[in-house]
Every structure is written in structure tokens, then in C-alpha cells.
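The values are calculated or read from the model by the stated rules, or taken from the named source; none is laboratory data. Just so it is clear, the structure is predicted and the values come from calculations on it, not from any experiment. Cβ placement follows ideal geometry from the backbone for every residue including glycine, while neighbour counts extend to all protein chains displayed. SASA here: full protein model, heavy atoms, side chains in, ligands and nucleic acids out. Shrake-Rupley method; radii C 1.70, N 1.55, O 1.52, S 1.80 Å.
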Amino acid sequence: MTGNGHNTQEELASYAMQSLPVEESASIRAHLQTCAECRTELAQVCGDLALLGLAVEQQPLPDGARDRFLQRIASPPVAQPEAKPAGVTPIDVKAKRRGAGFWVPWMTAAAMAIAAVSLGVQNKALNDELNDESNLVKNLAGQASKAQQVLEVLTAPSAQRVTLTEGKAPLEPSARATYLPDRGALILLATNLKPLPEGKAYELWVIPANGKAPIPAGVFHPDSMGTATLVLPPLPAGIAAKAFGVTIEKASGADSPTMPIILSGATGS
């Protein structure tokens, strides 16, 4: 403290930065509760430190703020006159002030702390952006992969192309299946299908060449024009097909076909 019982600017700055021992901080805190002058000085010190933080963020300081800050460091605060007891000769005690060099470590520490927080925020934003871009790339890669599979099934020379018809009637309604047995890849395009009651759906069946039970390949619903597609349903690979058939089943599908088979076609192999 100074000779007039007030805290020095160095003590108030250290107190504001929470760098004093517990006992000394408690003493200054108790003094601030009864001393308006020191509270005013503490507020000015905190304001200067806040301006320093803004400067670290590359925002311009108000005109003259830096000069006022250094001037307050170099010159002691004006003490308020106090009543002197009668017969006592007042002694003028001036607080020793340290130069601006005292503040350099504190300003450097504050600047580094604020810069670290700013870098942390920027780093989190960059990580979030990278994660979003990574997810987008994964989605695009998945879509491109499926599109490539569709193209390979439609253009493969070894693909089996079968037209399914309604008995011996003309080609209306009809469906065309393209199938790669070694990959279990199948694409079905149906046209002019009749509308179905609610809760019903068309289901495609793969009839194996080895004589085993038909394998369900998926359900599908026609649109208002009677057109429907079934693209790459989950099928086991390596199943050679003797024929394909379409039945009407419940909307959730069935484990075995319900007769009659309304559309059918053989592979010709």
C-alpha cells in the first residue's frame, strides 16, 4: 500500500488478474469495500486491460487510450485530503511507482491468453466445417457407387433380360427384369400395372434354376400411370435364375408366392 493507506496500481492490477497470494487478495478485497478511491482506480485498471484484449483481437483502440493508460502507470493517483488531528504535523509520503516496464509481462500474458481462446474457437469452427464436408463427400460417394452399379447392370453383356407378361395376353401389362446372377444384382421396370387395393402390393420372385423355392426379391407399387421400378433389391449372389414371377401380396411382402402368378418370364438359359 501507499503511505496514505491506498493500494498501488501494481497491486490493483495484480488483484484484477488474480495473481496475488490468498492473504494479500483478501486484504485488498477488504480495503476495496471501504475505499471509493481505490475502487475507482481498480475500475480504470480493468478497463485498460479490457482495451488490451480488444487490441489482441485486431480491433482499433479508441483515440488516446494507450497514452492515457501509460500516463496512469507513470503518475500516482491524486489522493483525497484527509483530516489531520490537531497538533500533528502531516508527513507527505509519495507512493513509489514502477515504470511502464512493470506492465509488459502482464500485457504479454493477457495477450497470449486471449489469443489462445481465439485460436481455440477458430480451430473448432474449422473442425466442424471439415466434418460437414467429409459427410457430404461420403454421401456423394455412396450415390455415385449405386449409380455405377445401376449402369453396370443395365449394360453388362452377361445380364439376363426378361420380359414378363400377363399369360398369353398382349404385352400389357408387362415388366422387364435385368439380372446379374454372380452379383445378385437385379433391376425391374414394369408398365401398365393395374391399381391394387389398399394394403396390397406387387412382389417379384426369383425362381432358381436348381429347383429350390422361389426367392422374394422385393415389393413395389405402381404410380398413377401403372409404372413401377425395383432397383437393386437385397439378393444373395450366385443364384442362377430359371425364371421370374410377379404376384399380388400384402403390402409387407410374403415368404412364399400367393397364386396366381400374374406376370412371369423365363430366362431362356
* In segment 162-269, with Lys and Arg counted as +1 and Asp and Glu as -1 at Cβ, which of these residues, Pro208, Ile262, Phe244, has the Cα nearest the positive end of the dipole, that is, farthest along it? -> Pro208
* Structure fact -> Applied in sequence order to segment 140-154, the curve 6.51 cos²θ - 1.76 cosθ + 1.60 (Karplus, θ = phi - 60°) yields integer Hz couplings, x standing for Gly and Pro, of 5, 5, x, 5, 5, 5, 5, 4, 5, 5, 4, 4, 5, 5, 6
* Hydrodynamic radius of segment 146-269 per Kirkwood, over alpha carbon pairs, in Å -> 14.5
* Segment Asp255-Ala144, length gained on full extension (0.36 nm per residue, minus Cα span) -> 36.7 nm
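Run the dipole for segment 119-269 about the Cα centre, Lys and Arg Cβ at +1, Asp and Glu Cβ at -1, nothing else charged, and hand back the magnitude in debye, nearest 20.
Dipole size: approximately 520 debye.
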* **Accessible area of Arg183 in the full protein assembly, 1.4 Å probe (Å², nearest 10)** => 100
* Suppose R0 equals 45 Å; then what is the FRET efficiency for Met112 and Asn135 from their Cβ-Cβ distance, rounded to the nearest 0.05? -> 0.80
* Got a number for the accessible area of Thr8? Probe 1.4 Å, square angstrom, nearest 10. -> 20
* Asked: Largest first, how would Cys46, Cys35 line up by accessible area (1.4 Å probe)?
  -> Cys46, Cys35
* Structure fact -> Which residues qualify? For Ala243, with a placed amide H closer than 5 Å and at least 5 residues away or on another chain, they are Ile207, Thr267
